1. So, in segment B:17-49, of the ones that are in contact (Cβ under 8 Å) with a residue 12 or more places away in the chain and within 12 Å of chain A (Cβ to nearest Cβ), which residue ends up farthest from residue B:82 (Cα to Cα)?
2. Within segment A:2-20, how many residues are within 17 Å of the chain's Cα centre (by Cα) and not in a strand (DSSP E or B)?
3. Look at segment A:91-107 and say how many of its residues are closer than 19 Å to residue A:178 by Cα and touching a helix residue (DSSP H, G or I) at 6+ places or on another chain (Cβ under 9 Å).
4. Give the residue that is surrounded by the most Cβ atoms within 10 Å (Cβ to Cβ), with candidates limited to residues of segment B:87-99 that are more than 14 Å from chain A (Cβ to nearest Cβ) and either at pLDDT below 95 or within 22 Å of residue B:48 (Cα to Cα) (or both).
5. Mind listing just one residue for me: the one in segment A:48-78 that is buried (at least 21 other Cβ atoms within 10 Å of the Cβ) and part of a loop (DSSP other than H, G, I, E, B) and, of those, farthest from the other protein chains (Cβ to nearest Cβ)?
6. In segment B:55-70, what residues are surrounded by fewer than 16 Cβ atoms within 10 Å (Cβ to Cβ) and either at pLDDT below 95 or within 14 Å of another protein chain (Cβ to nearest Cβ) (or both)?
7. Any residue at all in segment A:38-47 that's assigned to a strand (DSSP E or B), within 14 Å of chain B (Cβ to nearest Cβ) and buried (at least 16 other Cβ atoms within 10 Å of the Cβ)?
8. If residue A:88 satisfies every condition in (1) in a loop (DSSP other than H, G, I, E, B); (2) touching a strand residue (DSSP E or B) at 6+ places or on another chain (Cβ under 7 Å); (3) modelled with pLDDT under 95; (4) more than 14 Å from chain B (Cβ to nearest Cβ) but one, which is the exception?
């Protein structure tokens, strides 16, 4: 069967599916699905590409989880009860006072690589949940929230969210998560117990810049061929670890600014990585009004600006942490969405870009499925 | 008794209904009783009107009854005769807020 790609886009006002063949020149937009709802994440199972999950939420009506078994043609709500297990406990509030854990929404859904019914969910206030029945019921893995440092975690400006979950493709008992603003954590026993892995991070915005927790990690990524190597976009600083997170070193190199949200790895080149530099944490837009993706072919340190097809003047959008992804085609495609409602795609690893959607609501998440 | 319930548009979509819902309410015709019957008939609505754990009304949901705001009434408050008789609906409202 001829290969094709399906881009799954979550926005502040619904979800969209954007399809193309392997040429990736002509695109068809379907949507909005769940119009009017915030879709923090929309993703598919690699074990069954027709199985999709969506996190649908609303300030009025709370959290829904939607599931499709036919590639997004039809959807059904599944379980939406996310109850913390055991003593709820407290974390720090913005004023430094203890504040009880309160469920707000699901930020991220990470399906198992081998079982479409098994999915991890990262939520705000930060915790990880798991379903093994296709989303009908969700159970917290409380060892993360209760491992010992939780009372020192604090929300970032976007809330205290667990936004990234990585499953080691070789050893699925090995999990990584990232929390704003607590840092990165690792489990080697399927999520039962957890260890902070933040050694080497420096964050000037916390009282002890090298503390074991408290860092505002925006995103982490790993390549399936090298699961010991992790890349991180921190609030400030682009970092890498070559020992599964035991230690980190900065690889921001010649970036014009090392603030940003997403970080993405090329499907076939584990040392080729992408970030979108943003001017600062108080100015959430690109430097000089130019939307530039930066690519490193050396695993960091040396970066080149990718601009062909991207707006190079008067551009003041942001690219959120969940809003960048890649396909698996031989000529690797890279995709990202903006808070201005554009989705850009490159069919040649970032050398050339085209807008495949221009007027969507603000984009919260982008995922890509390579089908056929 | 049969109670009419009017839902906001997004919850009608979740419940896959197009107009008012008519519910058979067993026992006392209270706020909680109507919501229990609603959630029993449309399980997808669980958690959207009141919290799963505490059963408290979500903050941006309001209940209007016979042109009065019943949002702060106790859940076991008995609904008035026009609602019990099916002449007036029990209104679930999404508060005016947000963008």
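1. Here the residue is B:44.
2. 1
3. Count: 3.
4. Filtering segment B:87-99 down to residues more than 14 Å from chain A (Cβ to nearest Cβ) leaves B:87-91.
From the residues that got through so far, the ones that are either at pLDDT below 95 or within 22 Å of residue B:48 (Cα to Cα) (or both) too are B:89-91.
Details: B:89: 19, B:90: 26, B:91: 20.
Restricting to residues being more than 14 Å from chain A (Cβ to nearest Cβ) and either at pLDDT below 95 or within 22 Å of residue B:48 (Cα to Cα) (or both), the top hit is B:90.
5. This residue is A:51.
6. Within segment B:55-70, B:55, B:56, B:59 meet the criteria.
7. Start the filter on segment A:38-47 by keeping residues that are assigned to a strand (DSSP E or B), which leaves A:38-44.
If we keep only those that are within 14 Å of chain B (Cβ to nearest Cβ) as well, we get A:38-39.
Narrowing the set further to residues that are buried (at least 16 other Cβ atoms within 10 Å of the Cβ) leaves A:38-39.
Taking every residue of segment A:38-47 in turn, at least one turns out to be assigned to a strand (DSSP E or B), within 14 Å of chain B (Cβ to nearest Cβ) and buried (at least 16 other Cβ atoms within 10 Å of the Cβ).
8. (4)
The values are calculated or read from the model by the stated rules, or taken from the named source; none is laboratory data. Here the structure is a predicted model, which means the values were calculated and not measured. Quick reminder, even Gly has a Cβ in these numbers, built from the backbone with ideal geometry, and neighbours come from all protein chains shown.
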